[in-house]
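Here is the structure we will look at, set down as structure tokens.
Derivation of every value follows stated rules applied to the coordinates shown; laboratory data play no part. As the structure is a prediction and not an experimental result, all values here were calculated from the model. Virtual Cβ from ideal backbone geometry, glycine too; neighbours counted across all protein chains shown.
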Amino acid sequence: MKQKLTYIYIAAGLIFLLLIYYFFFTGHEKQQTEVNVSVSPVIQKDVEVNIQTIGTVQAYATVDIKSMVTGPLLKTGFKEGDVVEENQLLFQIDPRQFAASLNQAKATLARDQATLANAELQVKRNAPLLKRGFVARQDYDTLLANAKSAAATVKADEAAVENAQLQLDYTTVRAPIPGKTGNILLKPGSVIKANDTTPLVTINQINPIYVSFAVPQNKLPALQKRLQSGPLQVKTILNDGHIERGEVTFVDNTVDTTTGTIQLKATFANENRRLWPGQYVTVDLPIEHLQNALLVPSLALLTGQKGFYVYVIDASSIAHIRAVTPGSTVNNQTIIEHGLKKGEKVVTAGQLRLKEGTPVKFTTP
């Protein structure tokens, strides 16, 4: 009987120990393996995919103003930094020597025209006499030659007059384009040299104006598709947050093999002249419109040896590794092309403490 009681006590002790292990140790282990994480559901919606890049503002046209003639500068028709209109007076070179050359050329022309008229008259008068034999053939041929020579001289004189007039016109230097002027390098009284390597002033046309930028070559198919549907609008974001809107007007015909990008230009009206040549701006280009795209917070994406992956939480609050194929990023959200379904929960914070099969406690932001 005593031995039987001993067995009962031993059995009861073992059961008690098992109960202690079950209620304490297993519960403690569960508490240790649960990880607090934040999760977010996979959402599905239509999105506009934009490319943001850095662009450089370029003048719509740049002209270095140089003189075609040499002479003293009499006056300037603008102040440096002024905005000038097309055909506005820029510089006036002393025209007197060129006016004198023009008058001399005209006088020579008048003299030689009189000579031509007399030569033609002699030919006309002697033509009947030649038929009647009163004038030798050789003398008549001389009269014809003189008339032709006089006519050639008149043509040369006319060209000289035209050239002299052109030289005189060159003394008035006008703006070939509208735009913003730079530094004036010569002042009245200075002698301007024809075709000097240093321009008198440089005009930048800034209204309208270009912004040049590059996009990755893998975006070219989407870009071409978007351009086929109509004008492609683009916006620039200045340092002060101001936004200017323009239109893509040029796509280069060659991909830059060193950078893997293709060059684009957008034209902006720039009526308020906020854009300035040489300025750097942020360019926002809508490249494609995606319907029913799957998006997750970009914080959910991790990178491993096999590529991109996320942690997905199942109905039992267990974390599982899921390989994904990410696309473009839109407002801190990443488009998922493959690997997820709408409504699935992905971990956005606490991933570093997770592994496949880890139980979690989660909150949804």
Q.
Given the options Val310, Ala160, Leu185, identify the residue whose Cα lies farthest towards the positive end of the charge dipole of the chain (+1 on Cβ of Lys, Arg; -1 on Cβ of Asp, Glu).
A. Val310
Q: Find the centroid of the Cα atoms in segment 280-313 and in segment 76-93, then give the distance between the two in whole Å.
A: 53
**Q.** segment 134-209: relative contact order as a whole-number percent, Cα under 8 Å and 6+ apart
**A.** 28
Q. Say a site is exposed when it is one of the GluC sites (Glu not before Pro), sits in a DSSP loop, and has at most 16 other Cβ atoms within 10 Å; what is then the longest site-free stretch of the chain?
A. 87-270
Q: Sort segment 229-297 into rounded, prolate or oblate with this rule: let a ≥ b ≥ c be the square roots of the eigenvalues of the Cα gyration tensor; rounded if a/c is under 1.5, and if a/c is not under 1.5, prolate when a/b is larger than b/c, oblate otherwise.
A: oblate
Q. Along the charge dipole of segment 108-264, which of Thr236, Thr259, Gly133 sits closest to the positive end, that is, farthest toward it, with unit charges on the beta carbon of Lys, Arg, Asp and Glu (+1, +1, -1, -1)?
A. Gly133
Q.
For a test of the definition: using alpha carbon positions, the gyration tensor, and the 1.5 limit on a/c, classify segment 165-252 as rounded, prolate or oblate.
A. prolate
Q: Quote the convex hull volume per residue of segment 90-216, based on C-alpha atoms, as a whole number of Å³.
A: 221
Q) Considering amide H positions built from the backbone, and no H for Pro or chain starts, which residues 5 or more places from Asp82, or on another chain, come under 5 Å of its amide H? A) Thr181
**Q.** Reachable aspartates and glutamates, given that their alpha-carbon falls under 16 Å from the alpha-carbon of Lys193 and they are not under 8 places away in the same chain
**A.** Asp64, Asp94, Asp169
Q) For the chain, what Kirkwood radius comes out of the mean inverse Cα-Cα distance, in Å? A) 30.0
**Q.** Percent of alpha-carbon pairs separated by more than 24 Å within segment 208-347
**A.** 48
Q: Compute the FRET efficiency between His320 and Thr267 as 1/(1 + (r/R0)^6), taking r as their Cβ-Cβ distance and R0 = 51 Å, and round to the nearest 0.05.
A: 0.50
**Q.** Number of Lys pairs (Cα under 13 Å; 8 or more positions apart or on different chains) in segment 65-192
**A.** 4
Q) Sorted by packing (mean other beta-carbon atoms within 10 Å per residue), highest first, where do 203-211, 188-196 land? A) 203-211, 188-196
